[in-house]
Amino acid sequence: MVEPFFFEQKVDHFDSTSQNTFAQLYYVVDRKFYKPGGPIFLYSLGEGAATPDYLEHFGIGRLAKATGGLFVVLEHRFYGTSQPSPFTVENLQKYHTVEQSLEDFAHFIRSANITGVNGLTRDTKWIVAGCSYAGALAAWMRTKYPDLVFASLAGSAPVQITVDFFQYQDEVRIAYDAATTTDKCGEDIVNIVSYIDNILDSGSKGDIARLYKDFGFKPNTDPNVFADTITTSLSNAAQYDHLVTPNRTQIDDYCAIFSKAKTFIAKFQAYVKLVNRALSELQERPEASPANKKQGGNDENSWTWQYCTQFGYFQIAPSNFSSSFYSKRLNRASQVEYCKEIFGPTIPIVNISLTERLKARLGGGSGNTQDRIVWTNGQFDPWSRLSVTEPVVVGKGRERRQVDSPVYAIGGAGHCSESFVGGLNFPDVPKVQNRILGDLNRWLGS
């Protein structure tokens, strides 16, 4: 049974004179397996509202049951109902930062006040968990607050903060090239994207109009929006790839459309059909300009603020446009322009210097030396490029040792597959979940 409650959270953790608070939503997902003295699994959903609909399907519940623990979900500030202030640029600059969010979790733990749960003490072991951005939050919590957080489960965690994340499209292409239903599916798509870029750059008005018509776009659509939408539409299948049959993934299914296409024209027509299918599945068909997405307090704009001002993570084409899965129109300038269209020209845009300083404050990226962090990544997850994928070794000579923070790769899987019971049907997921349970039992018993 999922039970909703509200925690009186500070609006500003860094102003000692401020007494303002807001109601931060949290859920106790299932308390029937909790045993006094058991661990508390504090889960973050990161950049989205906390809703009870699917929480019972999370693998964390299984870990809590097996350890006599309690599964609690704390909603991130500025998502869902947990709104510290009106959604204005001035307020966001002060209150919508990762530092404030981490302090939310720390304050929640320090307060040790979960409705209906008795016996929480300073000795209670808190295990912070999450996936994607929330996985990075979990890792940073263990690094920044080792006295509060006993262990962290960092799934698909992009802790290596970077402004220009062109490697993302590299991983998407690798996932498509691995399809079993046709040869070099990713390579075919790269060639078609280059062809589309050439039309947008130097084609006649008639050529561009026909191109727009093929993909079902209005004639007045901004070329950058068009290129962004169609060339990124296939990324979701790579990021969240899943088995549609025991031996066939969604990408296998997508790439099958190219299996009978032998000429370039036939492959282009197959690509048009595939993109239109993907956009239909995503229910995405943007208007002529991103300016139509007016500034306002919704979850999408909330995450846009975070990556525009602190993280970057701009999923762009590499400088070598001749071999890109994404249109060359996806560059840092286009991403910055999008940020400004949503929040106005005065938005403080992220830069490399800012991300390097932020990484240092949060404990580094792949060189994180904190123990009791479990790192998990799907084999074809594009975000794995920014996660920890190899064990960390510290010291020299006889003092050389491997940090006790296991690293697990999930064969064939994509983003966050380890978070769900059944793991989107990938056979490696239950195996990894069992190994994580073994790690937790070892740490809790020591």
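Just so you know, all these numbers are worked out from the coordinates, no wet-lab data involved. Owing to the predicted nature of the structure, the values given are computational and were not obtained by experimental measurement. No Cβ is skipped: glycine too gets one built from the backbone with ideal geometry, and neighbour counts run over all protein chains shown.
Exposed loop sites here are trypsin sites (Lys or Arg not before Pro) assigned a DSSP state other than H, G, I, E or B and surrounded by at most 10 other beta carbons within 10 Å; excluding them, the longest clear run of the chain is 123-259.
The value of relative contact order for the chain, using C-alpha pairs under 8 Å at least six residues apart, is 18 percent.
Which FRET efficiency value, to the nearest 0.05, is calculated for Gln402 and Thr51 with the Förster distance at 35 angstrom and r the Cβ-Cβ distance?
The formula returns an efficiency of 0.35 here.
Across the chain, the longest piece that holds none of the chymotrypsin sites (Phe, Trp or Tyr not before Pro) lying in DSSP loops with up to 14 other C-beta atoms within 10 Å covers 55-446. Once the chain from Asn298 to Thr88 is taken as fully extended at 0.36 nm per residue, the excess over their C-alpha distance is 74.4 nm.
When the distances between all Cα atoms of the chain are binned every 10 Å from zero, what whole-number percent does each bin get? Reading the bins upward from 0: 4, 20, 29, 26, 15, 5, 1, 0. Here the stretch 324-357 and the stretch 162-217 have alpha carbon centers that stand 21 Å from each other. Rounded to the nearest 20 debye, the dipole size of the chain about its Cα centre is 660 debye, using +1 on the Cβ of Lys and Arg and -1 on the Cβ of Asp and Glu.
You can think of it this way: the chain between Ile199 and Thr369 has 56.3 nm of extra reach, that is 0.36 nm per residue less the Cα-Cα gap. Listed here are the pairs Lys144/Lys359; Lys125/Lys431; Lys35/Lys125; Lys65/Lys144; Lys184/Lys267; Lys32/Lys65; which of them are more than 18 Å apart at the Cα? Going by Cα-Cα distance, Lys125/Lys431; Lys65/Lys144 fall outside the 18 Å limit. Normalised by 2.2 N^0.38 Å, with N the number of residues, the alpha-carbon radius of gyration of the stretch 167-343 equals 1.04.
Going by how many other Cβ atoms sit within 10 Å of their own, how do Ile189, Ile199 line up, fewest first? Numbers along the way, then the final one.
Details: Ile189 26, Ile199 14.
Fewest-to-most ranking of Ile189, Ile199: Ile199, Ile189.
Over all pairs of different C-alpha atoms in the stretch 301-446, the reciprocal of the mean inverse distance, the Kirkwood hydrodynamic radius, equals 18.2 Å. In percent, how large is the relative contact order of the stretch 313-446, given Cα pairs closer than 8 Å and 6 or more residues apart? That works out to 16 percent.
Among DSSP beta bridges lying fully in the chain, give the percent that are antiparallel, nearest 5. Around 45 percent antiparallel, to the nearest 5.
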